[in-house]
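First the structure, in the form of structure tokens, and then the observations on it.
The values are calculated or read from the model by the stated rules, or taken from the named source; none is laboratory data. Just so it is clear, the structure is predicted and the values come from calculations on it, not from any experiment. So basically every Cβ, Gly included, is an ideal-geometry build from the backbone, and we count neighbours across all protein chains shown. Note: areas computed on protein heavy atoms with side chains; ligands, DNA, RNA excluded. Shrake-Rupley method; radii C 1.70, N 1.55, O 1.52, S 1.80 Å.
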Amino acid sequence: MNCDQHHCADPRPFLYRWHRPFALLGRHALAMLHHLGASFLFFLKSLVMIFKPHQPAAIARQVLLIGAHSTGIVLMVGLFTGMVMGLQMYYALIDYGSEAALGSAVALSLVRELGPVLTAIMITARAGSAMTAEIGIQRISEQIDALQTMGIDPVKFLVSPRLAAAAISFPILTAFFDLIGLAGGYLTGVVLLKLNPGAYVYRVHASLAWVDVYGGFIKSLVFAALVSVICTYQGYHCHLRTDGRGTQSVSLATTSAVVLCCVSILVSDYVVTSFLM
């Protein structure tokens with residue numbers, strides 16, 4: 001007995017069309033979890049390798065590249081950030097007759113939030129992208145494979161010095177950013193807008209507590225770990241990308257590293273702040 005074609009049609013194509021978006025979502029979620037787990041193991045291995053012999057010279061060289069060479073851009077951004085904040089907050093506070101509190105507003109904003117965050121983003125743009133591109137080129141040119149053939153651990157040789165150098169450089173550059181930002185606020189508020197210099201300095205000194213200072217340094221260390229691990233991980237595994245091959249994979253890995261670092265910095269800033277408050 002032949003059944004009606006309408007009732008005997010295979011329902012699987014219809015179900016597949018409805019299930020496909022959920023399947024794609026699950027596939028992306030599993031891939032993200034895989035990368036998070038692999039990145040964490042990558043971080044643990046590189047952290048252990050820092051304490052192996054013959055690392056101080058490599059770490060010092062990376063401090064020069066990551067920290068010292070980024071000082072200029074960090075100082076320039078810090079100066080103009082402080083000047084802009086001084087200008088904006090002066091005109092916001094003057095409406096309430098509280099312009100004397102300009103020093104407190106600039107100091108707390110810089111030390112608690114803007115100093116660590118903008119410093120990390122500037123280092124990501126300048127040194128993090130270079131880190132990813134350098135390791136990525138070494139991967140596609142088979143230099144990392146050559147290191148493994150010679151019995152040299154690539155993570156110890158390439159990743160651990162950069163992680164240690166970032167942990168050293170980020171807090172120092174954050175302190176530079178904070179200082180030059182406070183100077184920029186002083187330049188705008190006192191020199192240009194004729195605010196009382198004693199009031200500005202007193203407010204800066206009175207409003208900042210030790211918890212604000214070490215909170216900013218804790219954030220800078222968290223950002224240092226995130227930036228160094230994300231950038232080195234993307235470069236180290238660029239050959240596994242499915243959206244590009246060869247030099248294209250390096251450029252895509254560099255772009256992904258910068259975007260992921262910026263997003264991770266902002267997300268982790270919220271998380272760390274919620275614990276410190």
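Return the carbon/sulfur percentage of the accessible area of the chain, one whole number, probe 1.4 Å, all protein chains in place.
Exposed carbon and sulfur together represent 71 percent of the surface.
What lysines could a cross-link reach from Lys52, if we take a straight Cα to Cα line under 24 Å and drop same-chain neighbours fewer than 8 places away?
Correct list for Lys52: Lys156.
For the chain, what is the mean residue ellipticity at 222 nm derived from helices alone (per DSSP H run of n ≥ 4: -39500 (n - 2.57); sum divided by total residues; nearest 500 deg cm²/dmol)?
-25000 deg cm²/dmol
How much FRET efficiency would the formula 1/(1 + (r/R0)^6) give for Ala206 and Val271, where r is the Cβ-Cβ distance and R0 is 25 Å, rounded to 0.05?
Computed FRET efficiency for Ala206 and Val271 comes out at 0.30.
With the other protein chains left in place, how much accessible area per residue, in square angstrom, belongs to region 107-167 at a 1.4 angstrom probe?
Using a 1.4 Å probe on heavy atoms only, each residue of region 107-167 averages 37 Å².
Helix 210-236 against the longest principal axis of the chain: what's the angle in degrees, Cα atoms only, rounded to the nearest 10?
That helix lies at roughly 30 degrees to the long axis.
Please list, short to long, the whole-number percent of alpha-carbon pairs of the chain in consecutive 10 angstrom bins beginning at zero.
Going out from 0 Å in 10 Å bins, the chain shows 7, 23, 26, 18, 12, 8, 3, 2, 1, 0 percent.
Hey, can you rank 190-200, 87-97, 173-183 by average C-beta count inside 10 Å, highest first?
Final packing ranking: 173-183, 190-200, 87-97.
Please compute the contact order of region 190-277 in relative form: average sequence separation of alpha-carbon pairs under 8 Å and at least six residues apart, divided by the residue count, as a percent. Write down the numbers at each step before the final one.
Details: 36 pairs, mean separation 24.4, N = 88.
Relative contact order here is 28 percent.
From Cα pairs below 8 angstrom and at least 6 apart in sequence, can you work out the relative contact order of region 81-167, rounded to a whole percent?
15
Can you pull the Kirkwood radius for region 90-166, inverse mean 1/r over Cα pairs, to one decimal in Å?
One decimal place: 16.1 Å for the Kirkwood radius.
Straight distance only, please: which aspartates and glutamates reach the Cα of Lys194 with their own Cα at less than 14 Å, same-chain residues fewer than 8 apart left out?
Qualifying aspartates and glutamates at Cα under 14 Å: Glu99.
On full extension of the chain, what length is gained from Lys52 through His69, given 0.36 nm per residue of separation minus the C-alpha to C-alpha distance?
3.5 nm
Could you please report the charge total around Asp153, scoring K, R as +1 and D, E as -1 over all other residues with beta-carbon less than 12 angstrom from its beta-carbon?
Around Asp153, the surrounding residues sum to +3.
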